[in-house]
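All remarks here apply to the structure that follows.
What follows draws every value from the coordinates through simple rules; no lab data is involved. This structure is a prediction, so every number in the text was calculated from the model and none was measured. Cβ sites come from the backbone with ideal geometry, for glycine too, and all protein chains shown count toward neighbours.
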């Protein structure tokens, strides 16, 4: 009798879990992530998005404006497509610039990458699937985008990029984590 009683308890408990599961799924989908979080997630998940690309966006109601610079034209179109399919998005304005194909710019990208991420104190920013310092090179001009932990790291990345032979100028747009600009 004990075995049968235990079996009934387990069966009843499993039935409760199975019937409660759809309610839990509905509860979790009842509150979708805000549109800005969904757009950000879709953009960082793009397969060809690298540290040599910079994607930004602005959400205004149901319109999403995509901005930034990419090295691959396919990334520009893919970004527009994935955002357009998000629930709540009615219009996508794709203002992403495709950087010119240039062997010199490619050499500068990799040299700047080695100068920044090969430097001991900045190596921690190379960790993860998509490192936090993005290196944009357009006709010899370097722009640093992303987020760093402190002003010293921001300045060090700027110095390292400025030391790369062949770089005409460096625009340091790195932001310090937790600080807002006025």
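Beta bridges per DSSP, both residues in the range 35-98: antiparallel share near 55 percent. For the pair residue 150 and residue 119 in one chain, pulling the backbone fully straight at 0.36 nm per residue adds 9.6 nm over the alpha carbon distance. Length available on full extension from residue 85 to residue 138: 0.36 nm per residue minus the Cα-Cα distance, which gives 16.0 nm. When the P(r) of the range 35-98 is calculated, the portion above 13 Å amounts to 55% of the C-alpha pairs.
As a size descriptor, the averaged projected area of the C-alpha convex hull of the range 103-176 was calculated at 4.3 nm². Of 143, 63, the sequence from fewest to most neighbouring Cβ atoms within 10 angstrom is 63, 143. Each of 40, 154 has some number of other Cβ atoms within 10 Å of its Cβ, and from fewest to most they run 40, 154.
Secondary structure note: in the range 103-176, about 50% of the DSSP beta bridges are antiparallel.
Once C-alpha pairs closer than 8 Å and six or more residues apart are averaged by separation and normalised to the residue number of the range 35-98, the relative contact order reads 36 percent. Label zone of residue 104 (point 7 Å out along Cα→Cβ, amide N under 20 Å): in the range 121-160 this covers 135-144. Note on 33, 175, 76: ascending count of other Cβ atoms within 10 Å places them as 33, 175, 76, the fewest first.
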